[in-house]
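The values are calculated or read from the model by the stated rules, or taken from the named source; none is laboratory data. These figures come from a predicted structure and were not determined experimentally. Because the Cβ atoms are built from the backbone with ideal geometry, glycine has one as well, and the counts that use them run over all protein chains shown. In case anyone asks, the SASA skips ligands and DNA or RNA and just uses the protein heavy atoms, side chains included. Shrake-Rupley method; radii C 1.70, N 1.55, O 1.52, S 1.80 Å.
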Amino acid sequence: MNFSLTEHERFFGAVGGLDAKPAWKPFMKKGTRPKWCRDRVVDVRHIKLEIAPDFERKSITGTAHLTVAPINDGTTLLDLDACEMQIAAVRADGKPVNWHHDGEKLTVNFGRELAPDRDITIAVDYSATPRRGAYFVGPDRDYPDKHREFWTQGQDEDSRYWFPCFDYPNEKATTEIIARVPKGMTSLSNGVLVNVQEKRDHALHHWKMDVPHVAYLVTLVIGDYVKVSKEWDGIQVDYYVPPGREEDGERSFGRTPEMVKFFSEKIGVKYPYPKYAQITATDFIFGGMENTTATTQTDLTLHDARAHLDFSSDPLNSHELAHQWFGDYLTCRDWSHAWLNESFATYFEAMWCEQSLGDDEFKYYLDGDWKAYLDEDRGAYRRPIQTNVYNEPLDLFDRHLYQKGAVILHHLRKLLGDRLWWKVINHYVTRHARSTVITQDFADAIEDVTGRNFDWFFSQWIYGGGHPEFKVSARWDEKTGTLDFSVTQKQKADELTAIFRTPVSVRFVWQGGEETRTFEIEKEAHRYHLKLPARPQWIGFDPGNAVPKTLELDLSEDMLTAQLAHDSCVMGRVHAVRALGAKATPKAADALANALATDSFWGVQAECATALGKVHSERALAALCETEVKHSKARRAVAAALGQWRLSPAVEKLARMLAKDESYYVAAEAAQSLGKTRAAIAYDLLADALKRPSHNDVIRSHVFSGLCELRDRRGLELMTRWTEPGRSQQARYAAIAALGRLAAEVPDEKEKQTAREILEPLLEGPFRQAMAAISGLRALKDPKAIGALARLAEVSHDSRVQRNARMAIDALREAAGTAREVKELRDDYDALKKDYDQLRDRLEKLEGDKGGRGGRKPAAAGRNGHGRNGKAARAKRRASARR
């Protein structure tokens, strides 16, 4: 399963998200009970579903046949998961039996003791109007062109809403589905289509899956689709898209056969099923779902040629394909071990990046994963990757499980080396094929292959939390020819976070030579006196970025500048850029500006742009405005950095980027940054940009974020109009979330009340609308919304909605009483920032004049952005200080 970070979120953070706070919060509240793996009373051998979806009534009728064999003596009863169903009859081997259904569990009473290990087939006639597990999508009054579809989504435990089953990952069975499909429609399910029987107004599609898999992976999709077929080594590789989207489908799914080949060859286990198919789903509630042989993906992955400048479906495709081995062929025994599904799929997604785009892209991709984890670790909570303390299984499907776990696997690969890494992977997959697995199974595979005990590794990285926070210092002693080199772990050790043990390589480069040494880091602080032939020009700590970490480089400016200019490792240059940005000196700005213009990799250019935004000098602004950056992703970073200024060169550059850049995503970033400039022209430019459609409405979504940054109350009226049904859905959801955020910045209490009264009824809508409304109410910071959020947390049938509603309630309670103080601090910060910009520019001009260079100071951008009187602002701060 994939929650699918957007291209923007991967590199720049979520639009409108909360600022991360460096505080370690617990993952679960104290007293949360651990969850243990469910017991199995029977072995489910085979599931056969005869099912008829009714598109008009949005209901299903069917018969579920489960062939089971009791595991123990004395079995007389069997509980099946069957939520919100109407049960008509239950039979065992064709004979009626007694049963009881409480709305969630169906208890079958066989009336006798069953012989262990002997098959018995239970047939359940049922009907349902499912609110989870199975979804009907189609045209309605507000969206008359919506694609008509029926699709299912089982993970985590939602298959129980559309057929009776043992709905837990420790039970695997072969399956078949005989589906009633309306005339002219297509279906997709697990396995192969063995028969189509045409009827007068419908057809019966018979799908059969001969490799056992778990209930949450059983799927059925029905709709009007065009099927495109390819193949690799005799395996059929298909994709299904709505009519008219064939070119977008090829752009999105065309490389799938190459991925099947790559994974098969590297794992050493050929793709283990007869076919692989991908199908798009409208209003899908995840990014993708790895149903065995038949992945469902959000239709938002489809994109045009212009979006393809920035956006690729390859990460989602490769992630879901990797699950066919890690998650489907091998499945976590219970949810506490879900990292064996998701961390592996996320890392294989990154390895496809390595294969298809090269080493620089791969390393920077993993760095994006690491930054996503750090945002969660700093801003939300810290937890072990493997834990059985949670409320609902989906609580675990977070950035620890996906992104951090992927980076940990990369660390393991680098510790083992590629030969042993792939030998471990092959041994693990081969030994546990078609089975369920726990973390110890993977640890055992490592020990089997390498002969080495990795308990220490799993203890700190999988069963513990956090990461090493390294500070690296180096001082050269010219008299002795030695380097005073120290490595410190700054993280606080506690019951969750260790002082980490890890080998780290360090590259020392001097004029005419270099040397790489490996240090065993296992204490809080290590200090070395190293004899070297000459003073190092630069030092590369952890070349290749093999160790998960944060890194503070306490190195000289000359060393960092030299590393940025000469290090062949992309992450070495990235770390140098970040350290230079923290120094924020004129020399650092010159080095960053030069790398922005000349570095060969867009990711380093993007980091330079971000760092120049932090340096925030006239030189930095000139570099951002004047440098022609070719790669669209680097231009996005330039647009983001320009939002740090409120001067006319930044505003003019952003206005051009919004109007003329060929990339949807660059234009979107420019829109958000224009709002940050608070320029007089910003509102009109942003309002006009709402006329522009784009891939997944990324421009409009960023316009709403820009309006929040602008804090112009006229934006409230714009956003309110865009919250109305019938508007483009992605833009509408962005407007709903942004409405509360902007209203919170407006001093008029009536505006806040109006926003709350608009947002509260939207909590009752479909999943994405409800999530947007929760976000908007949380940002509004109005405690009066707690009642509506509490009601939602009680009645919602979606655990993610429940959890986010409860988190919003906690945030509102925490924020009560502090909102006014926070606003005053923000206003003071804005005034200080303006004064600082002006003072710094004056000082730089004076320094330039002293050196005979001179320079022209950028003009003010306009009354709205820069017209406040500096004296008045300083007087206000003095009065505030006296209070």
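A few points about this structure:
- Rel. contact order, % - alpha carbon contacts under 8 angstrom, at least six apart, the stretch 94-219: 20
- Sequentially through the stretch 183-197, phi angles give Karplus couplings (6.51, -1.76, 1.60; θ = phi - 60°) of 3, x, 8, 10, 10, 9, 8, 5, x, 10, 7, 8, 6, 10, 10 Hz, Gly and Pro residues having no value and appearing as x.
- For ALA294, the residues whose modelled amide H falls within less than 5 Å of its own, excluding neighbours fewer than 5 places apart on the same chain, are ALA277.
- Once the 1.4 Å probe is applied to the protein heavy atoms, the stretch 469-529 comes out at 56 Å² accessible per residue.
- The GluC sites (Glu not before Pro) of the stretch 501-530 that DSSP puts in a loop, and whose beta carbon has at most 14 other beta carbons within 10 Å, are GLU522, GLU524.
- Normalised contact order of the chain, rounded percent, pairs of Cα under 8 Å and 6 or more residues apart: 7
- Sequence-ordered 3J(HN,Hα) estimates for the stretch 766-773 from the Karplus curve with 6.51, -1.76 and 1.60 and θ = phi - 60° stand at x, 3, 5, 5, 4, 5, 5, 5 Hz, glycine and proline given as x.
- Cross-link partners for LYS423 among the lysines, with Cα-Cα distance under 18 Å and sequence neighbours closer than 8 places in the same chain left out: LYS261, LYS266, LYS270, LYS414.
- The chain: angle of helix 405-416 to the longest principal axis, Cα-based, in degrees nearest 10: 80
- Computed FRET value (nearest 0.05) for LYS471 with THR516, which takes r as the C-beta separation and R₀ as 22 Å: 0.60
- Checking every one of the trypsin sites (Lys or Arg not before Pro) in the stretch 82-137 against DSSP loop status and a limit of 11 other Cβ atoms within 10 Å picks out ARG118.
- Here the label points at ARG200 and LYS58, each 7 Å from Cα along the C-beta direction, are separated by 2.9 nm in the simple model.
- Qualifying GluC sites (Glu not before Pro) in the stretch 300-407, DSSP loop, other Cβ atoms within 10 Å at most 13: none
- Antiparallel content of DSSP bridges confined to the chain, in %, to 5: 80
- The Kirkwood hydrodynamic radius of the chain, based on inverse pair distances between different Cα atoms, is 29.6 Å.
- Were the residues from ALA687 through LYS490 laid out at 0.36 nm apart, the gain over their Cα-Cα distance would be 66.3 nm.
- Across the stretch 44-56, coupling constants 3J(HN,Hα) worked out from phi with the 6.51/-1.76/1.60 Karplus curve, θ = phi - 60°, read 7, 8, 7, 10, 10, 10, 10, 9, 10, x, 10, 5, 6 Hz, and Gly and Pro carry x.
- Largest accessible area first, the residues ARG527, ARG382 order themselves as ARG527, ARG382 under a 1.4 Å probe with ligands, DNA and RNA left out.
- Backbone N within the stretch 476-513 under 15 Å of label point (7 Å from HIS529 Cα along the Cβ vector): 476-486
- Highest average packing first - 750-760, 31-41, 583-593, Cβ atoms within 10 Å: 583-593, 750-760, 31-41
- Taking 19 Å as the cut-off, the amide N atoms of the stretch 691-726 that come nearer than this to a point 7 Å along the Cα-to-beta-carbon line of ARG306 belong to 691-704.
- Computed log10 I(q)/I(0) for the stretch 122-167 at 0.16 Å⁻¹: -0.53, from the Debye equation with unit scatterers placed on every C-alpha and solvent omitted.
- Between amide H atoms placed 1.01 Å from N, distances below 5 Å from THR75 occur with LEU114, all of them 5 or more places distant or on a separate chain.
- In the stretch 94-209, the convex hull through the Cα atoms has an average projected area of 10.4 nm², a quarter of its surface area.
- Degrees separating the helix 786-795 axis from the principal Cα axis of the chain, which is the longest one: 30
- Evaluated on the stretch 169-321, the Kirkwood hydrodynamic radius is 16.1 Å, with distances taken between all distinct Cα atoms.
- The accessible-area ordering, largest first, of the residues GLU814, GLU669 stands as GLU814, GLU669, per a 1.4 angstrom probe.
- Computed over every Cα-Cα pair of the stretch 499-648 and binned at 10 Å starting from 0, the pair-distance distribution P(r) comes out as 11, 38, 31, 16, 4, 0 percent.
- Helix 570-583 vs. the chain, principal-axis angle (Cα, 0 to 90°, nearest 10): 50
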